[in-house]
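The values are calculated or read from the model by the stated rules, or taken from the named source; none is laboratory data. All values reported here derive from a predicted model rather than from experimental measurement. Positions of Cβ are backbone-derived with ideal geometry, glycine not excepted, and every protein chain shown enters the neighbour counts.
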C-alpha cells in the first residue's frame, strides 16, 4: 500500500480551484452556449447570496474511517478534506425524494412499457412513487427488522420496483446496493456477501439464481428476498433459512404506511456500487449521502446561472403550442450503472422529469417510446445513440420532442457527432466514474461537442481536475501534456469496501483520486481522454476486467497461458478478445466449447467474442509480463503467429 501527496496540494498550478475562480468557469459555459458574458458576474453574485441553494461554501468534510481507515479521510492536517459544497438545500437522499416528490406529486415519474408490464403500460406519479417507496421503507425497518446502515440490494432489470426499492432503502436509513443484473452464480454470491446485504429485491429471472444460493447457505447474511415479475413462481421454491416474499404481497401488507424516521447524517453511507477493476474481484464503491446529493446538485450549477443570464435577455416571441413542453428522459442503460442511477434516475427527481424505463436495450422499442411518451432527452452509451439514429425505421416515428442525445461510458466515434447534428438534435457527452458519482466532466454545449467531439468536456462546478506524471502521481504537469487524470471534490467516494490497499493506492492524502486514465487538459480546461493505465475493456459502456476473463479461461484444462484484451468494434467500441496458448499434448477445443466453458463462469457480456490460438509463447516484456498492446499490434498488422477460431458478431 502506498500513499502520496501532490506537489500542488488541494489545488492546481494551472487552473483555478477556489470559489471566486468558479466565475471563470461560468463565463466559459456562457460563451459555449452563445450567451452574452456581461451578465455572468451578476448571475454568479446572485447565486452566491445568503440563502441561495447554489451558494458555495468551502469547509472541512470529515467522514468516519469506514472499513479502510485510509489516510485521505483525515487529510493532511487531520481535519478531513477541504471541499467546495452547497451547505443550503437538501443534503440527504431522503430530503431530495420528499421535497421533489411533493413538489411534483401529480406529474408522471415512472413509466414502464416492456413486454411484462402490467396492463401493457405501468405509470406512477411522483406522489404515488413516494407513497409506495414509503411502504417499502416500512417493510424493511419494521417487518424484516433491518437497522440503519444495513445494505439492501436491487438485483433486477430496469423495473419501477428497482427505483422504489432504492428510494425506500436510502430514505429509511439503509444503504442501497445496485447489483449487476448480468452477474451469475459466484459473481452474485461475491457481491451480496461482500456488501453484507441483508435484503435482496430481485425479479423472477434473478431469483432463479439467488434462491438456490440461499438454500445452499452461500448467502448467510441475507434475511429476506423479495421477488417480483415471477411468472414461473420461482419464489415458491423457497430460500432455506432466508425468508422469501412476493412483492405484490409486500405492497398489500404495507399499503398506506409512512416512511419510517431515520437519523442518518449526510456523512452516512448511502450506496455501494460495484465496478470492475484490474483484479478479478469487483470493487464495492462506497459513497455517502453527501457524495451523491452534491454530485447531482453540482451537475446543475452552470445551468442555474444560465437561467439567470437568459432572464436578462430580451424576450423572443415563441410559436404557440397546444401541447405542454416535453420533459421526459429514456433510460436505456442499466440502473446498476452510475450513469443510470445518477445522471438519469436521480437527476430526474430534481428536475421533475418523467423517467421512461427500458428493461433491455431495443432500438425499435426506444423509437416507439420516444413517440408515445414524448421523450425529450436520451442518455446512453454511444452504441445506443448510433443504433437509434441508424435504425431503418427511424423516419417512421415522431422524434420531434427529442431535443438532446447525451452519454458517456465509452468514447464516441466522430461520426456520431456528425449524425446527431444531421438529425437536428443537440448533443453532449461526459466522462465520469462510479468513484466520482458519475457526473464529473461534461461538454458545456451541443455546439462545443459537435465542433470538438474528441474532448469529453470540462469539470462540473464541484469537481477539480489535474494531470500528473503517469510515473510519479505527485507531480502535476502543464496543460497539453499527457499524464494520468486526477480528480478531486466532495463527490468522490468514501472508500472501496473491505479493500484498504485499493483505497489507499487510489487516493492521495490531499484528496485526489487516481482515475487510471491517461489524458490531457488544454489551456481552457477541456479534458481529452487518450488511453488507460488499467487493464479494462469497455464493451458498450460495460467495464470488464481483463484479469477476470483470464482467470475464467485458465480454468480450462487445455490452456497453458492466455491474455484477454480489447479489440476495436464499430458498434460497441470494444469487444473482448483472448489469445490462448495450449498445453503441449492437450486436446484442442472448438470455439463453441470455449464459449460454453466461459459462460459457466462469466456473465454473458464478458465472454470473448474473438479467440486467437497462439502457435508460440505469447510476447513478453522486460519484466516478463504479457504486454497486451504488443498482441493487439501483431494482430492489427497481420504479423501474429496465431489462428483465429472465434469471430462472433457482438450484440448488447
Checklist line | In region 221-237, the residues that are more than 14 Å from residue 161 (Cβ to Cβ) and part of a strand (DSSP E or B) | finding: 224
Note to self: Please count how many residues of region 196-210 are surrounded by 24 or more Cβ atoms within 10 Å (Cβ to Cβ) and in a helix (DSSP H, G or I).
What the structure shows: 3
Notebook entry, point to check: Can you tell me which residue in region 32-56 is farthest from the chain's Cα centre (by Cα), limited to those that are without any contact (Cβ under 8 Å) to a residue 40 or more places away in the chain and in a helix (DSSP H, G or I)?
Noted result: 38
Checklist line | Pairs, first at positive phi in region 192-203, second surrounded by 23 or more Cβ atoms within 10 Å (Cβ to Cβ), C-beta under 8 Å, six or more apart | finding: 196/151
Notebook entry, point to check: Any residue at all in region 519-534 that is within 30 Å of residue 75 (Cα to Cα), surrounded by 19 or more Cβ atoms within 10 Å (Cβ to Cβ) and free of Cβ contacts under 8 Å to residues at least 60 places away in the same chain?
Noted result: yes
Next item on the list: Within region 145-158, identify whether any single residue is under 25 Å from residue 116 (Cα atoms) and part of a helix (DSSP H, G or I), and answer yes or no.
Entry: no
Notebook entry, point to check: Of all strands (runs of 3 or more DSSP E) completely enclosed by region 518-606, which ones contain at least 3 residues that are over 30 Å from residue 476 (Cα atoms)?
Noted result: 559-569, 573-582
Margin query: List the strands (runs of 3 or more DSSP E) inside region 401-511, counting only whole elements, that have at least 3 residues being under 20 Å from residue 285 (Cβ atoms) and free of Cβ contacts under 8 Å to residues at least 12 places away in the same chain.
Written below: none
Check: Scanning for something over 20 Å from the mean Cα position of the chain (by Cα), in a helix (DSSP H, G or I) and either modelled with pLDDT under 95 or crowded, with 23+ Cβ neighbours inside 10 Å (or both), does region 320-332 turn up at least one residue?
Finding: no
Margin query: Exactly one condition in (1) part of a helix (DSSP H, G or I); (2) modelled with pLDDT under 95 is false for residue 183; which is it?
Written below: (1)
Next item on the list: Just need a number here: residues in region 580-591 that are within 33 Å of the chain's Cα centre (by Cα) and either surrounded by 21 or more Cβ atoms within 10 Å (Cβ to Cβ) or over 13 Å from residue 647 (Cβ atoms) (or both).
Entry: 1
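Name the single residue that is nearest to residue 335 (Cα to Cα) among those in region 159-179 being part of a loop (DSSP other than H, G, I, E, B) and in contact with a strand residue (DSSP E or B) (Cβ under 6 Å, 6 or more places away or on another chain).
179
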Margin query: Any residue in region 125-149 that is over 15 Å from residue 252 (Cβ atoms) sitting within a Cβ distance under 6 Å of a residue that is in a helix (DSSP H, G or I)? List the pairs, counting only those 6 or more apart or interchain.
Written below: 126/101; 130/101; 133/164; 133/167; 133/168; 137/168; 137/171; 146/140
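Take residue 577 and tell me if it is buried (at least 19 other Cβ atoms within 10 Å of the Cβ) and not assigned by TED's automatic domain parsing to the domain that holds residue 209. Give the derivation first.
Details: buried (at least 19 other Cβ atoms within 10 Å of the Cβ): yes; not assigned by TED's automatic domain parsing to the domain that holds residue 209: yes.
Spelling it out, residue 577 is indeed buried (at least 19 other Cβ atoms within 10 Å of the Cβ) and not assigned by TED's automatic domain parsing to the domain that holds residue 209.
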